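Structure, as structure tokens:
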Amino acid sequence: MNAIRLAPLALVSVAAVIDVRTRRIPNLLTFGGALCAFVFFLIVGGLPALGHSLAGWGVGLALFMPIFLLGGMGAGDVKLLAAVGAWLGPAVILWCAFYTVMAGGVLALIVGAMTGYLGKAFRNLWSIFGFWRAIGVKPVPGLTVVDAAGPRLPYGVAIAAGTALAVYLR
């Protein structure tokens, strides 16, 4: 397996462990991972490869940014997906995000069932959709990552699973 596949897998593995322990993904890891990708691709493939890496970073950032802006995930998760995109490029990061969302759903069901929060989580989703229909799509007070009372998901684990699947299947 080459560096282009190993580097993002190492990045998300470290991020997942840190996220499980602290519920945070450090900027040093996300920005450092992206910077390493930019330098690597500039050295290996010149400006065209750097452009591809920057495009992957931008797509990765754009994919989860709306969820962050609505209070549904932390900034570290968004920056981690962007860093993975810097390594994998714009096409593969789309698959990575798709697999990540699927893994995140499974993780949410597991955490919800283990903590007895699953019923409340579904009621909260219903409330969010009702709020959006009535008020518009914006953060719902009391139901964002910052102020929600429920368990917090270590979404770095879902990003790691999604990245592993994308790397393996692509």
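The values are calculated or read from the model by the stated rules, or taken from the named source; none is laboratory data. None of the values given here were measured: they were computed from a predicted structure. Here the Cβ is made from the backbone with ideal geometry for all residues, glycine too, and neighbour counts use every protein chain on show.
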Selected residue (criterion: surrounded by the fewest Cβ atoms within 10 Å (Cβ to Cβ)) from residues of the stretch 20-52 that are in contact with a Phe, Trp or Tyr (Cβ under 7 Å, 6 or more places away or on another chain) and touching a residue at least 40 places away in the same chain (Cβ under 8 Å): ALA34
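For every residue, the table says whether it meets (1) polar (S, T, N, Q); (2) in contact with a strand residue (DSSP E or B) (Cβ under 7 Å, 6 or more places away or on another chain); (3) closer than 21 Å to ARG23 by Cβ.
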{"residue": "GLY116", "(1), (2), (3)": "no, no, yes"}
{"residue": "TRP126", "(1), (2), (3)": "no, no, no"}
{"residue": "ALA134", "(1), (2), (3)": "no, no, no"}
{"residue": "PRO139", "(1), (2), (3)": "no, no, yes"}
{"residue": "VAL145", "(1), (2), (3)": "no, no, yes"}
{"residue": "GLY150", "(1), (2), (3)": "no, no, yes"}
{"residue": "VAL157", "(1), (2), (3)": "no, no, yes"}
{"residue": "ALA160", "(1), (2), (3)": "no, no, yes"}
{"residue": "THR163", "(1), (2), (3)": "yes, no, yes"}
Only one of GLY76, GLY89 that is in contact with a Pro (Cβ under 9 Å, 6 or more places away or on another chain), in a helix (DSSP H, G or I), in contact (Cβ under 8 Å) with a residue 12 or more places away in the chain and small (Gly, Ala, Ser): GLY76
Close pairs from the stretch 148-159: first among the aliphatic types (A, V, I, L, M), partner outside any helix (DSSP H, G or I) and surrounded by 20 or more Cβ atoms within 10 Å (Cβ to Cβ), Cβ under 9 Å, at least 6 apart: LEU153/MET73; ILE159/ILE25
Number of the exception - ALA62 against (1) assigned to a helix (DSSP H, G or I); (2) in contact (Cβ under 8 Å) with a residue 12 or more places away in the chain: (2)
Among the candidates LEU88, LEU80, LEU118, LEU107, residue that is more than 22 Å from LEU29 (Cα to Cα), surrounded by 14 or more Cβ atoms within 10 Å (Cβ to Cβ) and modelled with pLDDT of 95 or more: LEU107
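Take the stretch 121-132 and flag every residue that is of a type in the set (A, V, I, L, M) and surrounded by 13 or more Cβ atoms within 10 Å (Cβ to Cβ).
Hits for the stretch 121-132 are ALA121, ILE128.
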Exclusive hit being in a helix (DSSP H, G or I) and modelled with pLDDT of 95 or more, set ILE43, ILE25: ILE43
